[in-house]
Amino acid sequence: APPECPFCGEVAGQELEEHVRERHGHLLGAPGTGNGEQLYECPMCSLTCTNIQILEEHVDLHLEEHSFSEGTDLELAQQLQTEEDRLQRSEEEKREREEFKKLQRQYGLDNSGGYKQQFLKSMEREVDRGRMQPFEYHKRKADMMECLAFGIDDGKTKTSGVIEALCTYYQNENKDVRRVWLSAGVDHFHSSLGDRGWGCGYRNFQMLLSSLLQNSLYRDCLRDTTLIPSIPKIQSMIEDAWREGFDPHGASHFNNRLHGSKAWIGACEIYSLLTSLRMKCQIIDFHKPTGPMGTHPRLFEWVLHYYSTDNEGGAKVVCTSKPPIYLQHQGHSRTVVGIEEKRNKSLCLLLFDPGCSSQEMQKLLKQNSDGTNLKLLRKFVGSLKEKQYQIVAVDGVLSLEEKAARCSASQVLTSEKIP
């Protein structure tokens, strides 16, 4: 067959070279071709073509492949991101569940039992470790069951007479205490095998109640509570206050149930319980430091005013009729039983701590002349540096009408804040 032109396909016969030179000479002689052909290089893969249309089709294929690849990559990226988000949410939910369970355990809301169950388990561990004989275990178990049946504290963590010993000590102290105010007689109660780690709020209530029971002003309100109640009994008393309508918001936090749990209680529960017993009390919230280095001098000033009001006589030691003060901060609570005013006018709180054992408290009954044992009780301004404190102070008796009004008010219970 006659030869055809490679550029236009026309039959050129014997004059092919001449045809190409005349018709398509502008495509010849491109640098680097070696045979005079014009070459077109693909900008995407460097492939060379001798025809511009072929090159365009070739480039179009590249663009189609790139578009497909982009779409595939985008879809894959979206799938990977979706899976990553799902895994992240799953991890966050798992972490939140674990944190919630941890908080439930920490605050005794994990349904792991209450005072009785912890007491028995603690004694069993003592027997296993050889620290308690089996006969002692059974005796203490029987004693505990009897006390729980009657709803009274067994008194085995109680130390009495500390306030009286302090009064005697301060009468003879001549160094740096200018004046001191003390609460009316207060028994100290510390945590036992049944409430160690969570019972401080209940033990502080027992301390407060021990003073109120000795005060004739409050005897009528407490005619049904002549003995110090056990911790499970106090839990039931708080539940009774909730049923009366006190602090429904706080009750919902505990699912309206304390008895049989190791739930921590705080200032609001103490307020509700005391008010249900017709005690005139108030919550004061020291919601931020009022002094340098995160200290709370306003708290000390408030306590001084509480004790010194109606007790302004010139005596160095003032044994007031004031009940002790419930003092709460994050994670712990204590009982204020008095306040010192030093000769340099600085103030020092005297605190009963439920974490302090009977053995330590007994040392205060035999106070030495230099007062070194008082370090168990003394807290200076620089010693209380939590971010926030709350106190519950009792100062009188409520009529039935006043109690009903406070019950209604507690449905939106707010504490008074010290600016």
| task | Would you tally the net charge around Ser357, using a Cβ to Cβ cut-off of less than 13 Å, leaving Ser357 out, and scoring K and R as +1, D and E as -1? | result | +3
| task | Give a quick list of trypsin sites (Lys or Arg not before Pro) in region 274-380 that DSSP marks as loop, anything other than H, G, I, E or B, with at most 10 other Cβ atoms within 10 Å. | result | Arg343, Lys345
| query | Between Gln117 and Cys167, what FRET efficiency follows from the Cβ-Cβ distance if R0 is 56 Å, with the result rounded to 0.05? | reply | 0.85
| said: If you build the convex hull over the alpha carbons only and average its shadow over all orientations, what do you get for region 283-419? Give it in nm² to one decimal. | reply: 10.6
| Contour minus end-to-end for Arg243 and Glu386, with contour as 0.36 nm per residue of separation and end-to-end as the Cα-Cα distance? | 48.2 nm
| field | Cα pair distances of region 279-319 binned at 10 Å [whole percent] | value | 23, 41, 30, 7
| message | As an exercise, identify the trypsin sites (Lys or Arg not before Pro) in region 194-263 lying in DSSP coil whose Cβ has no more than 12 other Cβ atoms within 10 Å. | response | Arg223
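Hull surface divided by four, with the convex hull built on the Cα atoms of region 168-311: how many nm²?
Values: hull surface 46.2 nm².
Mean orientational projected area (region 168-311, Cα hull): 11.5 nm².
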| So between Asp285 and Thr226, what do we pick up on full extension, going 0.36 nm a residue minus the alpha carbon distance? | 18.2 nm
| query | So for region 159-417, what percent of the C-alpha to C-alpha distances run longer than 29 Å? | reply | 28
| said: Net charge within 13 Å of Thr82 by Cβ-Cβ distance, Lys/Arg positive one each and Asp/Glu negative one each, not counting Thr82 itself? | reply: -2
| field | Per DSSP, loop chymotrypsin sites (Phe, Trp or Tyr not before Pro) in region 302-373 with at most 15 further Cβ within 10 Å | value | none
| What is the spin-label model distance, in nm, from Asp128 to Ser408 if the labels are put 7 Å beyond Cα along the C-beta direction? | 5.5
| Suppose R0 equals 56 Å; then what is the FRET efficiency for Glu301 and Phe135 from their Cβ-Cβ distance, rounded to the nearest 0.05? | 0.55
| message | Give me the one-decimal nm value for the distance between modelled label points at Gln79 and Lys156, 7 Å along each residue's Cα-to-Cβ direction. | response | 6.7
| query | Given R₀ = 45 Å, FRET efficiency for Leu47-Gln88 by Cβ-Cβ distance, to 0.05? | reply | 0.50
| said: Per residue of region 232-247, what does 6.51 cos²θ - 1.76 cosθ + 1.60 with θ = phi - 60° give for ³J(HN,Hα)? Whole Hz please, x for Gly and Pro, Karplus curve as stated. | reply: x, 5, 4, 4, 5, 5, 5, 4, 4, 4, 4, 5, 6, x, 6, 6
| remark: For Thr50, the residues 5 or more places away or on another chain with a placed amide H closer than 5 Å to its own amide H are Tyr40
| said: If amide hydrogens are placed 1.01 Å from N in the peptide plane, which non-local residues have theirs closer than 5 Å to the one on Ile152? | reply: Ser230
| task | In nm, give the distance between the simple-model label positions of Asp143 and Arg196, each being 7 Å from the Cα along the Cα-to-Cβ direction. | result | 1.6
| said: Can you tell me the length gained on complete extension of the stretch Gln330 to Gln362, counting 0.36 nm per residue apart and subtracting the Cα distance? | reply: 8.7 nm
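Coordinate-derived values only; no laboratory data. All figures in this text were calculated on a predicted structure; none of them were measured in a lab. Every residue, glycine among them, receives a Cβ derived from its backbone with ideal geometry; neighbour counts consider all protein chains shown.
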